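Note sheet for the following structure.
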Amino acid sequence: MSGVFKAVGSIASVVALVPGPWQPIAQAVAVVASVGAALTAKPPAARGSISQIQIGANLPTPYLMGRTYIGGNQEHDVGYGGSKNPYRSMVFVYSGAGPIQSIEAFQADYTTINFSGAAATGYYAGFLWRSTQLGACPEPSALSGPQGAIPRWGAAYKLSGYAASLVTLKFDKDGKRFASGVPQFGIVARGVKVYDPRQDSTYPGGSGSARPLQETTYVGGTAAENPGCHGVTYALGRYQNGKKVMGCGFAVDAIDWPAWVGFANVCDANGWKIGGAVYEPGSRWDNLKAICEAGGGEPFFAGGKLSVRYSAPKVSLFTITGDDLADGDYSVPAMTSWRDRKNSVVPKIRLETHKWEYVQLDAVTVASLVAEDGEEKQEEVPFSLVQEKDQAAELAAYRVVNSREFGPIVLPCKPWLAAYRPGEVGTVNIPELGLVNQLCEIRQRQVDVARAVVTLSLMSESTVKHAYALGQSGTAPATPTITGGEDLDTAVSDANSSAPIVVADDAAMVALDVVAGTTVKVTATGQTWQRNDAAGGSVAGWTLIGNTAAATAATTAFTPVGTIVGTNVQDAIAELAAVPATTAVTLATGWSNLGSPYGGALVRRAEDGLIAVQGTVIGSGTATTLIGTLPAGYRPGQTRFFAGQNGSVIRTLEVRANGEIYVGGTGTDTTTSVSLSSILFYP
């Protein structure tokens, strides 16, 4: 608004507050000012303001989260009470998708006003009243004022589902109260409740009565300040009377629940909270991103489900070596480009101590990375739903160290890697590409069924960055990069000299020329044998050094002390107890083989170590039912999922690390057969 029109508008606003015969003149002046302002004003912001009152028609509806302040949307404003109009009533809406948890304080110009019932006490006693509602659906009655009927407001205006207040002012004849105009009104409140799967006894590991899409079971407390819980609740959508009123509206089975639960747990562990509001109509995806950002997360799609990527230490689930590469083009950047790196971030958040306005915090600058880059590379990052300084500093530190991770690393791989989805982490050990035991996160996955090639796009993932970002270490990690030069030569040499020789089983022996002291791992038995001396070639020259599950059998580095011929190695391995190539699956109670002409439940190991289950069974049970158990030596290193035929439908077959096989999915038809032949994996 131009200076002239702004001044005229301000004068008109003050005059209009004072009831009397001059009001028509003030209103006319205000109209002129409004028209002039409209000619010079900039377009309105797409999003609402949480600290200022918004006035207008068809305003975006706020959605309040966590403990925060909000001015609200002014939806009604009228003077009344006789020829002098001594009363003025205003209606403010603070949040949709109610009810919110509570209103802690009602404030005027950011100062809390105390009330006795609906009437203000203290300075505003006799001149200010307010009635409030949290946004129940339905509300039992409409908000009302203390001075009788309010023009163009009545019992039909219940505002069900909206947290709101009706504020009534009385003209002060002495010209003391409201002499400088109507103060900025607002509330400090605790926002909407959320669905927390950890408080849902139907979710594995959960405990409580919370249920998705059942609003009356949603919870408050610490969960209602958790960015992860708010993220998944907004993703599900908020419903009233069977109609979605806020949020995205994803189906329950379209959510990657383990990822969201992990995100919520990390937010709790780090003490990260959310506070503020997003607005609709608007981009729901942008709103979801802003909500997740409060906990350092980012929503994305993985395997057709909505998942979330967040910063936390991760465990490697798989290892990719040169033997796992397929035909195709690969690319490995040496490090992230200089242009894309950041070494300093200035977080900007709203602070209660600064009247809930945005404040720039001190820059989070990593001196060692500034020296590495040759100059300061700084950016300002507004965290719109963060209200804690330490939390903002930690998120800013993550912003710095995450910008240093290198990628994308593009690798065409063999089909078994299709079992892993974006967001999961594994180890890449291909020294020839400069990747030596490099922890990486899958960012994208493309499956070429015709060529049987799975192309993974990965980003490096450093483990030491977390302690620095969370203030547990004062030393920032160096910029991640591929291994090169002398380090790469050493890694390749070590890999060629000390890697254990893996033999599938006794039936697949080949002549091996090895150095005495070589570790030989026999995966069929889970036993690990090592040559300990240079003399002779008998079995006596070998010593059992491990007898554990094949996937975790111990191996030992060796010092070359001589040469032995392959037949000696073969003879030594021949002394090991052979494991049958094919053995039966132990079926659970209530399950049995279907019988002829269908084969029974068997499991076999191929020469390359591939585990294959075959056979068709029949039984009874509930939605998730234990079918049977694989014997030791034929089990996966971690839980795997497969699609299996159950009657006329496809059901999930879950094979756990302890060998247990479950058939899952609501409505499992246990009166017909279940085929196990889709279960294929490498240990």
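Which FRET efficiency value, to the nearest 0.05, is calculated for Thr586 and Ser316 with the Förster distance at 25 angstrom and r the Cβ-Cβ distance?
With a Förster radius of 25 Å, E is 0.25.
List the lysines whose Cα lies under 20 Å from the Cα of Lys355, skipping any in the same chain that are fewer than 8 positions away.
Lys273, Lys389
Around Arg88, what is the net charge, scoring Lys/Arg as +1 and Asp/Glu as -1 over all other residues with Cβ under 10 Å from its Cβ?
0
Which parts of the stretch 323-357 would a label at Val370 reach, counting a residue when its backbone N lies under 12 Å from a point 7 Å out along Cα-to-Cβ?
From the stretch 323-357, the list is 343-345.
Give me the distance in nm between label points sitting 7 Å out from Cα along the Cα-to-Cβ direction at Trp416 and Val381, one decimal.
Using points 7 Å along Cα→Cβ, the separation is 3.7 nm.
Could you work out how much longer the chain between Gln446 and Val359 gets when fully extended? Use 0.36 nm per residue separation minus the Cα distance between them, nm to one decimal.
27.0 nm
Hey, fewest Cβ within 10 Å first, where do Met459, Met335 land in order?
Starting with the residue having the fewest Cβ neighbours, the order is Met335, Met459.
In nm, to one decimal, how far is the modelled label at Gln214 from the one at Asp329, with both set 7 Å along Cα→Cβ?
5.3 nm
Can you run phi through the Karplus equation (6.51, -1.76, 1.60; θ = phi - 60°) for the stretch 354-361 and list ³J(HN,Hα) in whole Hz, with x for Gly and Pro?
After applying 6.51 cos²θ - 1.76 cosθ + 1.60, I find 10, 6, 6, 8, 5, 9, 7, 8 Hz.
Return the FRET efficiency for the residue pair Ser83, Glu104: r is the Cβ-Cβ distance, R0 is 41 Å, and the value is rounded to the nearest 0.05.
0.55
To the nearest 0.05, what FRET efficiency results for Ala269 and Asn241 with a Förster distance of 56 Å applied to their C-beta separation?
0.90
So how much slack lies between Gln184 and Ala254, counting 0.36 nm per residue of separation and subtracting their Cα-Cα distance, in nm?
Once the chain is fully extended between Gln184 and Ala254, it gains 20.9 nm.
First check a/c for the stretch 156-313, with a ≥ b ≥ c the square roots of the eigenvalues of its C-alpha gyration tensor; if it is under 1.5, answer rounded, and if not, answer prolate when a/b is larger than b/c or oblate otherwise.
Verdict is prolate for the stretch 156-313.
I want to check the label-to-label distance for Ser677 and Leu602. Put each point 7 Å from Cα in the C-beta direction and report it in nm to one decimal.
Going from the Ser677 label point to the Leu602 one covers 1.3 nm.
No value in this document is a laboratory result; all are computed from the given coordinates. Keep in mind it's a predicted model, so treat the numbers as computed, not measured. We place every Cβ from the backbone using ideal geometry, glycine too, and count neighbours over all the protein chains shown.
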